[in-house]
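Here the structure comes first, spelled out in structure tokens, and everything after it is commentary.
The values are calculated or read from the model by the stated rules, or taken from the named source; none is laboratory data. Small disclaimer: the values here were computed from a predicted structure and weren't measured. Methodologically, a virtual Cβ is constructed for each residue, glycine included, from the backbone with ideal geometry; neighbour enumeration extends over all protein chains shown.
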Amino acid sequence: MANSKMSECVANFFAMRHALAVLRYAGVIGAAATICYSLYMLILHFEFFLAFMYVYLILFAFALIFAEVGVFNQSRYRAYFLFLTRHAGRGLFYIFVAGLLLTGWGIPIAAYLIIVGVLNVCVSFRQTDPTPIIESIEI
């Protein structure tokens, strides 16, 4: 009986870890698609007033890639990008970036990013982070 509970716990752990890895890859793919779409719109369909938005989208997408890779977990960046080190903050940022993409041909990418964002927010309710927020902010 105890052995079956132990194997169930181990299976749940690996399933959650696998799901987090898939979610991380999905986020990188969505951010890369955002970069490609923004570059396409900047180069081939240039509009002066929208150019600023596409430049910001490229910067935001790179920030999402850095967050997924774990660059912002370093102490010198953590104080400034703390919201991107948590699943809830990252998920809300995905939804924000998706809102900026809700024009024209960006709608499929926006829908994909909304799904990734909602999944990140859902994971944040399931997973607890043992690091207290107060201790992680060092300026």
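Conditions (1) touching a helix residue (DSSP H, G or I) at 6+ places or on another chain (Cβ under 7 Å); (2) of a type outside the set (Gly, Ala, Ser), marked per residue:
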residue	(1), (2)
Ala67	yes, no
Gly70	no, no
Gln74	no, yes
Tyr80	no, yes
Thr85	yes, yes
Val97	yes, yes
Leu102	yes, yes
Leu113	yes, yes
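Restricting to the stretch 31-52, and then to whatever is of a type in the set (Ser, Thr, Tyr) and within 18 Å of Ile95 (Cβ to Cβ), can you tell me which residue is surrounded by the most Cβ atoms within 10 Å (Cβ to Cβ)?
Filtering the stretch 31-52 for residues that are of a type in the set (Ser, Thr, Tyr) and within 18 Å of Ile95 (Cβ to Cβ), the one surrounded by the most Cβ atoms within 10 Å (Cβ to Cβ) comes out as Thr34.
Test of understanding: among Gly99, Gly117, Gly91, which residue is assigned to a helix (DSSP H, G or I) and more than 19 Å from Tyr25 (Cα to Cα)?
After applying the criteria, what remains is Gly99.
Filter the stretch 78-95 down to residues that are in contact (Cβ under 8 Å) with a residue 60 or more places away in the chain and basic (Lys, Arg) and give me whichever is surrounded by the most Cβ atoms within 10 Å (Cβ to Cβ).
Arg90
What do you reckon, is Ala51 modelled with pLDDT under 90 and over 19 Å from Asn120 (Cβ atoms)?
No; evaluated as a whole, the condition is false for this residue.
State all residues of the stretch 63-79 that are at pLDDT 85 or above and either over 20 Å from Val116 (Cα atoms) or β-branched (Val, Ile, Thr) (or both); if no residue qualifies, say none.
Ile65, Val69, Val71
Picking from Arg24, Arg90, Arg17, which residue would you name as being closer than 22 Å to Val123 by Cβ and at pLDDT below 90?
None of the other options fit; the residue is Arg17.
Read through the list (1) at pLDDT 90 or above; (2) surrounded by fewer than 18 Cβ atoms within 10 Å (Cβ to Cβ), then give the number of the only condition that Ala98 fails.
Every listed condition holds for Ala98 apart from (2).
Pick out the one residue from Val69, Val55, Val28 that is more than 12 Å from the chain's Cα centre (by Cα) and either farther than 22 Å from Ile95 by Cβ or of a type outside the set (Asp, Glu) (or both).
After ruling out the rest, the residue left standing is Val55.
Sort out which residues of the stretch 53-70 are surrounded by 14 or more Cβ atoms within 10 Å (Cβ to Cβ) and of a type in the set (Val, Ile, Thr), and write them in order of number.
Listed by number, the residues that qualify are Ile58, Ile65.
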